[in-house]
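Chemist: Pasting in a structure now, in structure tokens, and then I'll have a few things to ask.
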Amino acid sequence: MGFAFEDMGLGGPRPYPLGGGERRALTAAVRLLEDVFPEVSAHVLPLVSVGIAVENPVPSMYLSQTPEVIYVGHRMLERETWELADAILHEALHDVSELAHQIRHLLVHSYVEHESATTLLPWSVKQPTRRYFSTWRLLSACHVYVHLAGFRRSVVGPTAEQIEVPTSRARFMLDHLLASPHAESLGEDGRLLVEWMDSSLEAMRGVRA
């Protein structure tokens, strides 16, 4: 596990000991997901076998090197329940995307990750490292953001700005996935997924808990 964290510049991971308060926070976050986002939670959460709290400044993370495992940064355990639930859902959805990548025709058979067209994420421009996403990373991340947009509309707590973040990011990614050159790299299931995400995001307009 350590090499994966270090390769991503996250430093060495150290498991964070959980006291009674932290355990209650995690339990409350999972219950919130089950209460306000039941259909998604029922399909997503059972696929996560292990959740690990780590002493790390990153809020949460998923690593393809450790499937069925999600990591939550220790500082998230002190945040509002909906924010911790949001982080758990975020990483659990990445796990689902990775599984779907293995068993569904999301990308054309000729797709090669390191040869894929890439798109600059505009919200990364002011970050230390600009981020360019391949077709696969756009598809995987968009899948996450569409669901987060739905969750944040379903729960009491997020501000209008906090709802807009996943919504606008999903919209940006969908616009690129629906157009050349990324659209040509989508397999049959990938095209269907993009169409579903597009219609789902449009249906959310004006919806809020």
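Chemist: Can SER110 be described as farther than 17 Å from VAL36 by Cα, touching a strand residue (DSSP E or B) at 6+ places or on another chain (Cβ under 7 Å) and free of Cβ contacts under 8 Å to residues at least 24 places away in the same chain?
Modeler: It is false that SER110 is farther than 17 Å from VAL36 by Cα, touching a strand residue (DSSP E or B) at 6+ places or on another chain (Cβ under 7 Å) and free of Cβ contacts under 8 Å to residues at least 24 places away in the same chain.
Chemist: Return the total of residues in the range 98-131 being surrounded by 13 or more Cβ atoms within 10 Å (Cβ to Cβ) and outside any helix (DSSP H, G or I).
Modeler: 12
Chemist: Mind checking which pairs have a first residue in the range 59-86 that is surrounded by 22 or more Cβ atoms within 10 Å (Cβ to Cβ) and a second that is polar (S, T, N, Q), Cβ under 6 Å, 6 or more apart or different chains?
Modeler: Final answer for the pair search is VAL72/SER60.
Chemist: On the basis of being loosely packed, with under 14 Cβ neighbours inside 10 Å and either in a helix (DSSP H, G or I) or small (Gly, Ala, Ser) (or both), does ASP95 make the cut?
Modeler: So ASP95 fails the test.
Chemist: Taking the stated definitions as given, is VAL44 open to solvent by less than 30 Å² (accessible area, probe 1.4 Å), more than 21 Å from GLY21 (Cα to Cα), out of contact with any strand residue (DSSP E or B) (no Cβ under 9 Å at 6 or more places or on another chain) and β-branched (Val, Ile, Thr)?
Modeler: yes
Chemist: Would you confirm whether any residue within the range 162-173 is modelled with pLDDT of 95 or more, more than 25 Å from HIS101 (Cβ to Cβ) and touching a Lys or Arg at 6+ places or on another chain (Cβ under 8 Å)?
Modeler: yes
The values are calculated or read from the model by the stated rules, or taken from the named source; none is laboratory data. Being a predicted model, the structure only gives us computed values, none of them experimental. Ideal geometry is used to build each Cβ from the backbone, glycine not excepted, and the neighbour counts take in all protein chains shown. The area values use the complete protein model at the heavy-atom level, side chains included, leaving out ligands, DNA and RNA. Shrake-Rupley method; radii C 1.70, N 1.55, O 1.52, S 1.80 Å.
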